[in-house]
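Undergrad: Just dropping this structure here.
Each value in this text was obtained by applying a stated rule to the coordinates, not by laboratory testing. The structure presented is a predicted model; accordingly, all values stated were derived computationally and were not measured. Reconstructed Cβ throughout: ideal geometry from the backbone, glycine too, with neighbour counts over all protein chains shown.
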Amino acid sequence: MILVLGLVGFTMLMLVLEWIRADMVALLVVVTIGLTGLIPGEQVFNGFAGNAVIAIIAIMIMGAGLDRAGVLNLTASFVMRMARGMESRLGVVVNSVTSLFSAVIPSQALAALMIPVTSRLSARTGVPMSRLLLPMAFCILTATNTTLIANSPLIVLNDLIASANSNLPPGAHTIPKFGLFSVTPVGLILALLGIAFFWLFSKKLLPEREDERLKVTPGRTESYFADTYGIAGEIAELTVTAESPLVGMSIGEVEQLHGAPLILAIKNGNESRVAPPSDQMIWVGTVLGVLAPKDAINAFANNQLCRVSMRMRQLGEQFNTTRAGISEAVVPPSSRFIKQTVGDLRLRKRFGISVLAVNRGDEVFREDVRGVTLRAGDTLVLHSKWRDLMLAEEDRDIVVVTDIPKEEQRPGKIWQAVGFFVLAKCLALFTHLDLSVAMMTGAVGMLLTGVLNMDEAYKAINWKTIFVTACLIPLGWSMDSTGTASWIAQEVLAVLGHAPQWTLQLSIAVLTLLFSQVMSNVGATVMMVPIAISVAVTTGGNPSAYALIVAVSSSNTFLLSSGHPALMMVAGPGGYRAADFLRVGIPLTILMLVVTLVAINLMYR
């Protein structure tokens, strides 16, 4: 018990402080469980083969398949037709469609898919993104409890219940597992609550700052980047002469010169490219595509003995707006870019992408951008070819916010994508197959029919989420097998005395809510479900109700932008501050808490 409590404390501390990556923390925990023999050695890594993890992998693959087939493009068009350009109607339709998808697509993946759709809607209607993104992200969380398909805490719940059943005291009734739509009555109520909440109160609660950043859609006008990031001026060509001191210098060295413009493209001989790497050399006759105010360009050219042309004669194709331009991208919480400097990422060499600025809350970094260490939620201002940007986005280390020109990927496969998705849901609903088998059937069907290829399927899987989930499940098992959950439950009851059931449930829900604000919702669920079941068994409550209260409450993470990956991803593009999340999140959290307890108790009375 002491070992288990130590591991729980270590896990919570590391997930809050983020000194070690979350997936590394989870690996450390599961290895420690194996070394100390808290559970049998042959069961230590069973989390990776559990129904929950396999189902999550399959759902991620199917979500990517729906995106590749153009389902979200059709969604954007549908939303436009339904909203008819009216802000109040647009918000309701966006939130309703998002809530519908949230029942079948994991929240972080759905946020990454919906941010560009919302950007496109904002560009077409003129409605600021700040009015759309925060409600959209919150509705993802309020509606994610509609089914066991997309919500990781609910998918993990059955594995935790199976563990609890093997450690129940003699005479206790076995706790039944939840079906695919067992939670739908509660989830629907919460989803409708989220939509109604923002329909009634969005204008009062959402930010009303007169900020150009919030009124102009990214990519819509050149003035947006000038007003927001100070990236202003004109594009010109500088031809390096034989007398120029730039001859023999690298791009990185030129960028360090006083008054140097932004170097966006280069042509050496017959070869030209966007975003030249810092070690690219400059020779006589090299043509540089630069961005700066006209006076600054002329001054730099005079100092460095270069010829100036304000007309794009050599690099016109590289700056064709249908092929290249400036865009914005958000660093998601699962990105490998986090804690690395822009320079270390070598984006220009690897992808042909220049980072022009980094936005973090109210702070914009333009000087020495290469030295900026990235954090989750940072917004990057990029210059690149659209094709290069799309290739970089495939690794899911960035989420492009700007509505860039994109080719329809595989619209001819839309019926196969939708068909196998529906087949998977029907198998889960109308047969006795495990959720993992049903979901993987749909994923394999999409792969066989060419909706996705295997490489795309691998990229669609968020391996960080998989490792965190698979490695923390044994921690929940060890809480049951060592009696730690029962001991904590006894201590809780000693404090609360003979409190009524609703008081105990409220205490469990609030504890889960607090844990989920500072650590992953899967981690909070793994820790709290065994305790909740022990409390229910000891006091004569319904263990199923207690377990469901924990799983649903773990998604009630509206108070901090860091509380959930979906919230972190919209904070930058929407220009939101911490006060915005508190102003909207506090009343919504209270409403969700009350309605969750009432709805679950009505379902299990």
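Undergrad: Counting other beta carbons within 10 Å of each Cβ, put ARG410, ARG81, ARG68 in order, fewest first.
TA: On the way: ARG410 16, ARG81 9, ARG68 23.
Going from least to most buried by this count: ARG81, ARG410, ARG68.
Undergrad: Same structure again: Under 19 Å from a point placed 7 Å out from the Cα of TRP283 along the Cα-to-Cβ direction: which residues of the stretch 230-250 have their backbone N that close?
TA: 238-250
Undergrad: Just one of (i) 22.5, 71; (ii) 24.1, 78; (iii) 26.4, 93 is Rg and Dmax of the Cα atoms in Å as worked out from the coordinates here. Which one is it?
TA: Calculated Rg and Dmax of the Cα atoms in Å: the matching label is (iii).
Undergrad: In what sequence do LEU423, LEU559, LEU35 fall when counting other Cβ within 10 Å, fewest first? List each step's numbers first, then the result.
TA: Values: LEU423 14, LEU559 20, LEU35 10.
Ranking LEU423, LEU559, LEU35 by Cβ neighbours within 10 Å, fewest first, gives LEU35, LEU423, LEU559.
Undergrad: Just report the Cα centroid separation between the stretch 577-605 and the stretch 484-537, whole Å.
TA: Centre-to-centre (Cα) distance: 17 Å.
Undergrad: Do the sum for the chain: with -39,500 (n - 2.57) for every DSSP H run of n ≥ 4, divided by all residues, what is the mean residue ellipticity at 222 nm, to the nearest 500 deg cm²/dmol?
TA: Numbers: 26 runs with 343 residues, N = 605.
The per-residue figure over the chain is -18000 deg cm²/dmol.
Undergrad: Moving on to the next point. In Å³ and rounded to a whole number, note down the convex hull volume per residue for the Cα atoms of the stretch 1-67.
TA: 103
Undergrad: How far apart, in nanometres, would the label points at ILE590 and ASP362 be if each is projected 7 angstrom from Cα along the Cα-to-Cβ direction?
TA: Output for this residue pair reads 2.7 nm.
Undergrad: Determine, for each peptide in 468-481, 143-156, 344-357, the mean count of other beta carbons within 10 angstrom over its residues, then list the peptides with the highest first. Present the calculation step by step, with values, prior to reporting the outcome.
TA: On the way: 468-481: 25.9, 143-156: 27.9, 344-357: 19.5.
Highest-to-lowest ranking by the protection proxy: 143-156, 468-481, 344-357.
Undergrad: Round to the nearest 10 and give me the degree value, 0 to 90, for the angle of helix 51-68's Cα axis relative to the longest principal axis of the chain.
TA: 40
Undergrad: Measure nothing fancy, just the Cα-based angle from helix 184-205's long axis to the longest principal axis of the chain, in degrees from 0 to 90, nearest 10.
TA: Between helix and principal axis, roughly 50 degrees.
Undergrad: Continuing with this model, one more query. If you average the C-alpha positions of the stretch 30-77 and of the stretch 128-196 separately, how far apart do those two centres end up, in angstrom?
TA: One Cα centre to the other: 16 Å.
Undergrad: How far, in degrees from 0 to 90, does helix 435-448 lean away from the longest principal axis of the Cα atoms of the chain, to the nearest 10?
TA: Between helix and principal axis, roughly 30 degrees.
Undergrad: Looking at the square roots a ≥ b ≥ c of the eigenvalues of the Cα gyration tensor of the stretch 354-432, which shape do they give, rounded for a/c under 1.5, prolate if a/b is larger than b/c, or oblate? Mind dumping the intermediate values first?
TA: Working: a/c = 4.22, a/b = 2.19, b/c = 1.92.
Prolate, because a/c is 1.5 or more and a/b exceeds b/c.
Undergrad: So for the chain, taking the charge dipole from beta-carbon charges (+1 Lys/Arg, -1 Asp/Glu), which of PHE10, GLY126, PRO587 sits furthest toward the positive end?
TA: GLY126
Undergrad: Multiply the residue separation of LEU582 and THR36 by 0.36 nm, subtract the distance between their alpha-carbon atoms, and state the gained length in nm to one decimal. If you can, show how the numbers build up before the last one.
TA: Working: separation 546, 0.36 × 546 = 196.56 nm, distance 4.19 nm.
Length gained between LEU582 and THR36: 192.4 nm.
Undergrad: Just grab the label-to-label distance for THR241 and ASN46, each label 7 Å out from Cα along the Cβ direction, in nm (one decimal).
TA: In this crude label model, THR241 to ASN46 measures out at 7.9 nm.
Undergrad: Continuing with this model, one more query. In whole Hz and in residue order, list the ³J(HN,Hα) couplings for the stretch 594-605 that follow from phi through the Karplus curve 6.51 cos²θ - 1.76 cosθ + 1.60, θ = phi - 60°; x for Gly and Pro.
TA: So the Karplus estimates, Gly and Pro as x, are 5, 5, 4, 5, 5, 5, 5, 5, 5, 6, 10, 6 Hz.
Undergrad: Which value, in debye to the nearest 20, gives the size of the charge dipole of the chain about its Cα centre, when Lys and Arg are +1 and Asp and Glu are -1 at the Cβ? Write out the running numbers ahead of the final one.
TA: Values: 44 positive and 42 negative charges, 237 e Å.
For this selection, approximately 1140 debye.
Undergrad: Starting with the highest mean, order 267-274, 21-28, 396-403, 197-204 by the number of other Cβ atoms within 10 Å, averaged over the residues of each peptide. Intermediate results must be reported in sequence, preceding the final value.
TA: Details: 267-274: 14.0, 21-28: 19.9, 396-403: 22.8, 197-204: 15.9.
My ranking of the peptides, most packed first, is 396-403, 21-28, 197-204, 267-274.
Undergrad: Can you put CYS139, CYS306, CYS426 in order of Cβ neighbours within 10 angstrom, beginning with the fewest? Don't skip to the answer; put the middle values down first.
TA: Working: CYS139 28, CYS306 23, CYS426 12.
Ranked by crowding around the Cβ, least crowded first: CYS426, CYS306, CYS139.
Undergrad: Given a Förster distance of 22 angstrom, what is the FRET efficiency for ASN268 paired with SER309, based on the Cβ-Cβ distance and rounded to 0.05? Mind showing how you got there, number by number?
TA: On the way: r = 17 Å, r/R0 = 0.76.
The value I calculate is 0.85.
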